[in-house]
1. How many residues does the stretch 119-147 contain that are in contact with a helix residue (DSSP H, G or I) (Cβ under 7 Å, 6 or more places away or on another chain) and either within 20 Å of TYR79 (Cβ to Cβ) or assigned to a loop (DSSP other than H, G, I, E, B) (or both)?
2. Test of understanding: among VAL205, VAL230, which residue is of a type outside the set (Phe, Trp, Tyr), touching a residue at least 40 places away in the same chain (Cβ under 8 Å), in contact with a strand residue (DSSP E or B) (Cβ under 8 Å, 6 or more places away or on another chain) and surrounded by 17 or more Cβ atoms within 10 Å (Cβ to Cβ)?
3. Could you list, in sequence order, the residues of the stretch 238-259 that are part of a loop (DSSP other than H, G, I, E, B) and crowded, with 17+ Cβ neighbours inside 10 Å?
4. Looking only at residues that are modelled with pLDDT of 80 or more and among the charged types (D, E, K, R) in the stretch 57-108, which one is farthest from ARG140 (Cα to Cα)?
5. If you scan the stretch 38-73, which residues turn out to be touching a residue at least 60 places away in the same chain (Cβ under 8 Å), surrounded by fewer than 19 Cβ atoms within 10 Å (Cβ to Cβ) and within 15 Å of SER7 (Cβ to Cβ)?
6. Assess whether ALA139 counts as being closer than 20 Å to SER62 by Cβ and outside the structural domain of LEU255 (by TED's automatic domain parsing).
Amino acid sequence: MHALICSGLHDWVEWRFGEAMLKDLRFYNPTFRKERTGSIPDKDLFSDLDLLSRLSAQARSSLLEDFGRYMAIQLMFEYSALIPAEWTALDVVEHTEPCIHTAIRDADEGTPPFIRCWRTPENAVRIMYNSSRRICEFARGLIRGIGDHYKEDLVIDQTLCMNRGDEYCELFVRSTTPLALEDTTDSIRRLRLHPSIVNEAVDMVKRQLMSASIDSDTIDALVLSTMEAVGNVVRHARSPDCELAVHVQGNLVKLQVTDYGPGFTLTHRAMPDPFAEGGRGIALMQSACDSVDYEMRRSGNCLTLLKRHTAH
């Protein structure tokens, strides 16, 4: 395994689980450290992941995908000279083999997997993956991380998997992010935390939606959701600022609030426990919007709200 991946595991564990988990890993495996050079035996990486799985009570497959998502940013930075500025997320996915894996082969004696990628007539990227490591979860994480970097929503459909007995893994990746069209309006603003930040955020959302001729019911629902989302950042996120983004495309409004604190776990229950101290704001947003999603990303924790409106 390439040393960049193994050193990245150390950074990811610290970012995702904190210093206490690093100490636990070193206690059980004194060789777990960041400073590793050259190629690392695959069994060492898998041993570290198995240990982390036991200590965190999370499945190795889930950890692999999360780790891959984290590593995508680092790999793209490492090999940025090979990635043209005009490429989209799908372009990067399509050219992973000739760019990144070829560079890894040139860098040391790493053994990258067999990967073939090509565009389909439906403008998806079809991926064939074969490796004795059988870690397609890591590949899925890399793809999602590439989408995070380009702020594109990538959907992955996996039709074949070596872990299910197939000869190779097959994935289809497509982007659901619309191209820039004339009826698209966007507004992104970085807000510093201060006593009137909620009012400032609400004013921005109102003005953006009114300029896009969004109906009043949708505006009211998203204003209420903005108050809850930004209010949660102020009360709980321990973040110096947040980023508020409004995107209108056709009959869909996407509102995103990104903070840079430690993050939290989103409950998908329709209503919170009536005796619980928290969760009411999330439940309120779930009732006001068509979709509520939350992701802990290396680039920031992102709350995404989707609301359909009556297009004029």
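1. Total meeting the criteria: 15.
2. That would be VAL205, the only listed residue that is of a type outside the set (Phe, Trp, Tyr), touching a residue at least 40 places away in the same chain (Cβ under 8 Å), in contact with a strand residue (DSSP E or B) (Cβ under 8 Å, 6 or more places away or on another chain) and surrounded by 17 or more Cβ atoms within 10 Å (Cβ to Cβ).
3. Selection gives SER239 alone.
4. GLU86
5. Answer for the stretch 38-73, where residues must be touching a residue at least 60 places away in the same chain (Cβ under 8 Å), surrounded by fewer than 19 Cβ atoms within 10 Å (Cβ to Cβ) and within 15 Å of SER7 (Cβ to Cβ): GLY38, SER39, ILE73.
6. Spelling it out, ALA139 is indeed closer than 20 Å to SER62 by Cβ and outside the structural domain of LEU255 (by TED's automatic domain parsing).
The rows are residues; the columns are (1) at pLDDT below 90; (2) assigned by TED's automatic domain parsing to the domain that holds ALA288; (3) outside any helix (DSSP H, G or I).
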position	(1), (2), (3)
ASN199	yes, yes, no
ILE214	no, yes, yes
ILE219	no, yes, no
LEU222	no, yes, no
ALA229	no, yes, no
ASN232	yes, yes, no
HIS236	yes, yes, no
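The values are calculated or read from the model by the stated rules, or taken from the named source; none is laboratory data. As the structure is a computational prediction, the values presented were derived from the model and not from experiment. Ideal geometry is used to build each Cβ from the backbone, glycine not excepted, and the neighbour counts take in all protein chains shown.
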